[in-house]
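I have placed the structure first, in the form of structure tokens, so that the comments after it can refer back to it.
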Amino acid sequence: MTGPLSLAPGVVLWKTLLARAGQESMAADIESVIRQAPLFTPRMPQTLKPFSVRMSNCGELGWISDARGYRYERTHPDTGRPWPAIPDSILSIWRRVANTAAQPEACLVNFYDPVARMGLHQDRDEADLAAPIVSISLGDSGRFRFGRSVRGGKTQSVLLESGDVMVFGGPARLMFHGVDKILPGSSTLLPEGGRINLTLRRVSGPGKQSPHGSSGESQ
Ligand code: MD3
Ligand code: FE
């Protein structure tokens with residue numbers, strides 16, 4: 001681990017923040033999450049076109065996309081059960097890099113097979129744009145592209161490898177970003193291959209310090 005690299009204002013990359021043993025135990029934790037909350041195939045709201053990435057979630061809120069739009073829900077779209085808790089191995093990465101006292105409310109689990117990709121988009125379904133987004137990569141490497149806050153702005157690309165952690169905050173929070181390609185066979189972490197990306201987010205507006213027996217305020 002070489003310390004944080006600043007790639008652009010608000011964009012920080014921690015190469016190999018997780019060494020192999022840490023990657024292995026986090027992969028086992030994610031396997032358990034996926035047993036409780038199976039991967040589903042999200043669809044574009046208007047066209048119903050399936051995403052090539054399959055998804056699950058842990059945390060109080062999970063991101064889903066279907067005919068009714070992009071949104072956060074407390075339960076799994078197929079099982080109807082609440083999402084499993086965010087494993088401690090993942091929360092401890094947030095505490096190390098997010099630089100905020102707030103806890104993440106949502107952890108999106110993206111699974112990329114060798115031909116999956118994610119087109120350039122912004123993450124703007126969250127009321128709290130003050131908190132950063134933290135992204136953890138496991139398994140095969142992915143070519144990640146990010147750019148300006150407007151479509152058509154310049155972009156740069158970076159290879160995200162297993163154990164890398166990225167933080168996007170402040171001026172980078174509404175940047176366009178996506179995953180151009182997966183490099184099959186580039187990691188031995190996941191027995192069946194593929195790439196897992198974990199995206200940790202705050203969702204509720206600032207000041208809504210999630211549950212712990214809170215007064216029950218809602219958005
Ligand atoms: C930059 N996932 O799930 S995570 C997503 O690798 C998503 O699976 C990608 O984009 C993946 O929405 C990239 C890194 C990421 C997440 C949020 C961002 C980068 C970001 C928000 C603003 C700028
Ligand atoms: Fe995104």
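Would you mind telling me which numbered condition in (1) crowded, with 17+ Cβ neighbours inside 10 Å; (2) out of contact with any helix residue (DSSP H, G or I) (no Cβ under 6 Å at 6 or more places or on another chain) residue 138 fails? Of the numbered conditions (1) crowded, with 17+ Cβ neighbours inside 10 Å; (2) out of contact with any helix residue (DSSP H, G or I) (no Cβ under 6 Å at 6 or more places or on another chain), the odd one out for residue 138 is (2).
The set of residues from segment 133-164 being modelled with pLDDT of 95 or more and either part of a loop (DSSP other than H, G, I, E, B) or acidic (Asp, Glu) (or both) comprises 140, 161, 162, 163, 164. Just one of the listed residues (205, 216, 194) is modelled with pLDDT under 90 and either under 19 Å from the mean Cα position of the chain (by Cα) or aromatic (Phe, Trp, Tyr) (or both), and it is 205.
Sub-6 Å Cβ pairs linking a first residue in segment 112-123 that is under 14 Å from residue 55 (Cβ atoms) and in contact (Cβ under 8 Å) with a residue 24 or more places away in the chain to a second residue that is hydrophobic (A, V, I, L, M, F, W, C) and more than 10 Å from ligand 2 (Cβ to nearest atom), at least 6 apart or interchain, are 112/53; 112/182; 116/53; 118/53, ordered by first then second residue. Output the residues belonging to segment 174-205 that are among the aliphatic types (A, V, I, L, M) and more than 14 Å from ligand 2 (Cβ to nearest atom). Matches in segment 174-205: 182, 183, 189, 190, 196. For segment 60-82, filtering for residues that are part of a strand (DSSP E or B) and either within 16 Å of ligand 2 (Cβ to nearest atom) or over 16 Å from the mean Cα position of the chain (by Cα) (or both) leaves 11. Against the numbered list (1) among the acidic types (Asp, Glu); (2) surrounded by fewer than 19 Cβ atoms within 10 Å (Cβ to Cβ); (3) near ligand 1 (Cβ under 10 Å from one of its atoms), residue 180 comes up short only at (3). Screening the candidates 101, 85, 116, 130 for the property of being closer than 24 Å to residue 43 by Cα and in a loop (DSSP other than H, G, I, E, B) yields one hit, 116. Of the residues screened, residue 164 is one that is among the acidic types (Asp, Glu), within 18 Å of the chain's Cα centre (by Cα) and more than 13 Å from ligand 2 (Cβ to nearest atom).
Residues of segment 99-148 that are of a type in the set (S, T, N, Q) and within 9 Å of ligand 1 (Cβ to nearest atom): 110, 122, 135, 137. Answer yes or no as to whether residue 108 is assigned to a strand (DSSP E or B) and in contact (Cβ under 8 Å) with a residue 24 or more places away in the chain. When the stated conditions are applied, residue 108 passes them. For residue 131, are the conditions met, namely being within 16 Å of ligand 2 (Cβ to nearest atom) and out of contact with any Leu (no Cβ under 9 Å at 6 or more places or on another chain)? For residue 131, the condition - within 16 Å of ligand 2 (Cβ to nearest atom) and out of contact with any Leu (no Cβ under 9 Å at 6 or more places or on another chain) - is met.
The values are calculated or read from the model by the stated rules, or taken from the named source; none is laboratory data. Remember, predicted model here, so these are calculated numbers, not experimental data. Ideal geometry is used to build each Cβ from the backbone, glycine not excepted, and the neighbour counts take in all protein chains shown.
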